[in-house]
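Reviewing the structure listed below.
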Amino acid sequence: MEHIDVAVIGGGQSGLATAHALLRRGLRPVVLEASGRMGGSWPRYYDSLMLFSPARYSSLPGMPFPGADGDRYPHRDEVVAYLTAYANHLDAEIRTGSRVSAVRRTGGGFEVEVEGGGRLSAQAVVAASGSFGRPHRPVLPGLEEFTGQVLHAADYRSPAPFADRRVVIVGAGNSAVQIAAELAQAAEVTLATRVPVKFAAQRVLGRDVHWWLACTGMDAAPLRRFLSRPPVQPVLDDGRYRAALAAGRPECRPLFAGAEGAKITWQDGKREEVDAIVLATGYRPDLPYLAGLDGALGADGTPRHRQGLATNVPGLAFVGLEWQRSLSSNSLRGVGRDADRVARRLATHLARR
């Protein structure tokens, strides 16, 4: 069996930032990426996706985001190219096509099993596989009886397949609003929400909101410890999305009351035929390989941790969780801080052993 220092599971922004931090502490990580390319979930996001943070605030440690205009909002493909370049720049072993199927405790650390029969012995493990592989599909009234198309935002790519169709988007977050506004240019779209959409200005007093977050220290502040649950973040808007909803493109309505066949019933009793429902309802940590590791996950599959360090499994850590430590924990601009903290703690743990 091959023996390594640290197995980093996931080759997206979280895994790459973690590898960088571990290398700085003299550890030799091996990054295991399930897909055939670097970038994690970024290559699979919808075609028009753009960052809500400017390029100057969208970098991983050690490599600024490229381009002369630091105030622009990078496109998905720019992020993929950046992450690919970052991976090539790292002096770390990165193995694509290496999906981890199980992690088990051994006397001296962990055994990491890779699909296809490969096994590694690791002194420590960092779960940095994100959440894109586990789309959240909430229980909605009548959805099981709906005979039209139902898909998650994870499966959405562009408006083309929905042209001239009747579509309902479920959700009130950034992705829900962005997808709904884009689809409304080609289809009849309703944004259906449990709660009203809340907006936050993209720019305040001539500065992007991320400048203010960085300037005040709020972006990196360990706010999670003071919260009983992570707050719902508002939709960042430069005015276009608020105007689109005000113009009814898309229209916005309370969540439907039920569904039967190809028709849904709205709260006011109106029934209408709908071609497709898109669930822009978020994601949950995708950690099936830890299911057999006693104490790693709660009953609902969420990780048991304190600011990224597993509370019941020494040598196991997490990076890239939403609100892991701060509001920027699962973003390009913030994941490096959490990765550095986790790497420092793991290095201390291994040194004591």
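What to note about this one:
- Leading residue by the ranking (nearest to Gly11 (Cα to Cα)) among those in segment 56-75 that are in contact with a helix residue (DSSP H, G or I) (Cβ under 7 Å, 6 or more places away or on another chain) and part of a strand (DSSP E or B): Leu60
- Positions within segment 106-125 being open to solvent by 10 Å² or more (accessible area, probe 1.4 Å), farther than 17 Å from Gly11 by Cα and modelled with pLDDT of 95 or more, in sequence order: Glu111, Ser121, Gln123
- Screening segment 132-148 for residues that are in a loop (DSSP other than H, G, I, E, B), in contact (Cβ under 8 Å) with a residue 60 or more places away in the chain and under 22 Å from the mean Cα position of the chain (by Cα) and picking the one that is farthest from Ala34 (Cα to Cα) gives Pro138.
- Test result for Thr265, modelled with pLDDT of 95 or more and in contact with a His (Cβ under 6 Å, 6 or more places away or on another chain): no
- Qualifying positions in segment 317-338 - assigned to a loop (DSSP other than H, G, I, E, B) and out of contact with any Leu (no Cβ under 7 Å at 6 or more places or on another chain): Val319, Gly320, Leu321, Glu322, Trp323, Gln324, Arg325, Ser328, Ser331, Arg333, Gly334
- Those residues of segment 317-335 which are open to solvent by less than 10 Å² (accessible area, probe 1.4 Å) and in contact with a Gly (Cβ under 9 Å, 6 or more places away or on another chain), in sequence order: Ala317, Phe318, Val319, Gln324, Ser326, Ser328, Ser329, Val335
- Evaluating Arg341 against the criteria (1) in a loop (DSSP other than H, G, I, E, B); (2) free of Cβ contacts under 8 Å to residues at least 60 places away in the same chain; (3) crowded, with 17+ Cβ neighbours inside 10 Å leaves one unmet condition, (1).
- Beta carbons closer than 6 Å, at least 6 apart along the sequence or on distinct chains, pair a first residue in segment 117-131 that is under 25 Å from Asn330 (Cα atoms) with a second that is hydroxyl-bearing (Ser, Thr, Tyr) for Val126/Thr18; Ala128/Ser14; Ala128/Thr18; Gly130/Ser41; Ser131/Tyr283.
- Residue check for Thr311: more than 26 Å from Ala172 (Cβ to Cβ), in contact with a Lys or Arg (Cβ under 9 Å, 6 or more places away or on another chain), among the β-branched types (Val, Ile, Thr) and free of Cβ contacts under 8 Å to residues at least 40 places away in the same chain: yes
- Selected residue (only one of Ser41, Ser58 is surrounded by 18 or more Cβ atoms within 10 Å (Cβ to Cβ), of a type in the set (Ser, Thr, Tyr), at pLDDT 95 or above and under 17 Å from the mean Cα position of the chain (by Cα)): Ser58
- Within segment 296-316, considering residues that are in a loop (DSSP other than H, G, I, E, B) and out of contact with any Leu (no Cβ under 9 Å at 6 or more places or on another chain), the one surrounded by the most Cβ atoms within 10 Å (Cβ to Cβ): Gln307
- Considering residues of segment 205-252 that are in contact with a Gly (Cβ under 8 Å, 6 or more places away or on another chain) and not acidic (Asp, Glu) only, the residue nearest to Ala184 (Cα to Cα): Val235
- The set of residues in segment 1-37 being open to solvent by 20 Å² or more (accessible area, probe 1.4 Å) and under 18 Å from the mean Cα position of the chain (by Cα) consists of Gln13, Ala34, Ser35, Arg37.
- Residue in segment 68-75 that is open to solvent by less than 30 Å² (accessible area, probe 1.4 Å) and under 19 Å from the mean Cα position of the chain (by Cα) present: yes
- The listed residues are Leu227, Leu279, Leu213, and the only one of them that is in contact with a strand residue (DSSP E or B) (Cβ under 9 Å, 6 or more places away or on another chain) and not aromatic (Phe, Trp, Tyr) turns out to be Leu279.
- Among residues of segment 1-28 that are without any contact (Cβ under 8 Å) to a residue 40 or more places away in the chain, none has a beta-carbon under 8 Å from a residue that is among the hydroxyl-bearing types (Ser, Thr, Tyr) and open to solvent by less than 10 Å² (accessible area, probe 1.4 Å) at least six positions away or on a different chain.
- Within segment 76-100, the residues that satisfy the criterion of being part of a helix (DSSP H, G or I) and surrounded by 15 or more Cβ atoms within 10 Å (Cβ to Cβ) are Arg76, Glu78, Val79, Val80, Ala81, Tyr82, Leu83, Thr84, Tyr86, Ala87.
- Of the residues contained in segment 335-349, none is found to be at pLDDT below 95 and on the phi > 0 side of the Ramachandran plot.
The values are calculated or read from the model by the stated rules, or taken from the named source; none is laboratory data. Every value quoted in this text rests on a predicted model; they were computed, and no experiment measured them. Quick reminder, even Gly has a Cβ in these numbers, built from the backbone with ideal geometry, and neighbours come from all protein chains shown. Keep in mind that these areas ignore ligands, DNA and RNA; they rest on the heavy atoms of the full protein, side chains included. Shrake-Rupley method; radii C 1.70, N 1.55, O 1.52, S 1.80 Å.
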